[in-house]
Amino acid sequence: MKTWKTLLGAAAFTLTLTSAAVAETAYVPGLHVTEPNQLVTAKKVKRKDLFGMWGNTSKNADGSLLNASLMRPDGTGRDLIHFQANSGDTTTITQDFKWKFSRWRQEFRQTITNYTVSHNDGAPEQKSDEIGKTVKFKVPLLLKLEGKPNVLEMTNKEGTDSVRYYRYNEEAMPDLLKKLEAQ
């Protein structure tokens, strides 16, 4: 049994699944494994492996969470975290960031450049105390399907929290991509 959390403090949310459940039954947009040998673990993660749209979804007794991240080749990106409580209340966090990846240390560093929060589809409020914060994550796992990155794990520096992100098929999710690209 493994527990994954979103690593953003403002959007603490936990998903617990067995490894077998992730490998065999988890719904991952754009990921369909028909042969076990199609899915392989990369020996080293490369910077270019991180480009594109990644995300995860989870649900617990409190509600559901969508966590999507767009990482661009120019070293910028955007996270969109949308939490919907069972009561119907919603919270959406959007953060823009600059990122770097060290292939030798297998370490991802993210510096927040803009951070907004909106509640119940209200106007976004900028949270200036989040801007400039830098976080580092180890990238201990990258699974490739047919040679293309599909599952990425990031772990905080202490190794106490980890999150698995799944590659989103950008053509299949144009509305989410537009939301992530919107300025």
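Within the stretch 110-126, residues that are touching a residue at least 24 places away in the same chain (Cβ under 8 Å) and over 30 Å from V139 (Cα atoms) have Cβ atoms under 7 Å from residues that are assigned to a strand (DSSP E or B) and small (G, A, S) in these pairs: P124/S118, counting only partners at least 6 apart in sequence or on another chain.
Each residue in the stretch 27-58 was checked for being modelled with pLDDT of 60 or more and either open to solvent by 50 Å² or more (accessible area, probe 1.4 Å) or hydrophobic (A, V, I, L, M, F, W, C) (or both), and 15 pass.
In the condition set (1) more than 24 Å from G75 (Cβ to Cβ); (2) surrounded by fewer than 16 Cβ atoms within 10 Å (Cβ to Cβ), T92 is compliant with all but (2). Residue selection: K100 fails the criterion of being charged (D, E, K, R), surrounded by 15 or more Cβ atoms within 10 Å (Cβ to Cβ) and touching a strand residue (DSSP E or B) at 6+ places or on another chain (Cβ under 9 Å).
Can you find, within the stretch 59-68, the residue that is nearest to the chain's Cα centre (by Cα) among those that are of a type in the set (G, A, S) and open to solvent by less than 10 Å² (accessible area, probe 1.4 Å)? Working first, answer last.
Our first condition is that a residue be of a type in the set (G, A, S); within the stretch 59-68, this holds for 61, 63-64, 68.
Adding the requirement that they be open to solvent by less than 10 Å² (accessible area, probe 1.4 Å) leaves 63, 68.
Numbers: G63: 18, A68: 5 Å.
Step by step, filter the stretch 59-68, then rank; the result is A68.
Checking each residue in the stretch 116-138 for being out of contact with any helix residue (DSSP H, G or I) (no Cβ under 8 Å at 6 or more places or on another chain) and assigned to a strand (DSSP E or B) picks out T116, S118, H119, E125, Q126, T134, V135, K136, F137, K138. Would you say R105 is within 18 Å of D49 (Cβ to Cβ) and either touching a Phe, Trp or Tyr at 6+ places or on another chain (Cβ under 6 Å) or modelled with pLDDT of 95 or more (or both)? Taking the combined requirement at face value, the residue does not satisfy it. For the stretch 141-161, filtering for residues that are modelled with pLDDT under 85 and either in contact with a Cys (Cβ under 9 Å, 6 or more places away or on another chain) or not in a loop (DSSP other than H, G, I, E, B) (or both) leaves 7.
The values are calculated or read from the model by the stated rules, or taken from the named source; none is laboratory data. All values reported here derive from a predicted model rather than from experimental measurement. In this analysis, Cβ positions are derived from the backbone assuming ideal geometry, glycine residues included, and neighbour counts consider all displayed protein chains. Protein only, heavy atoms only, side chains kept; ligands, DNA and RNA dropped before computing areas. Shrake-Rupley method; radii C 1.70, N 1.55, O 1.52, S 1.80 Å.
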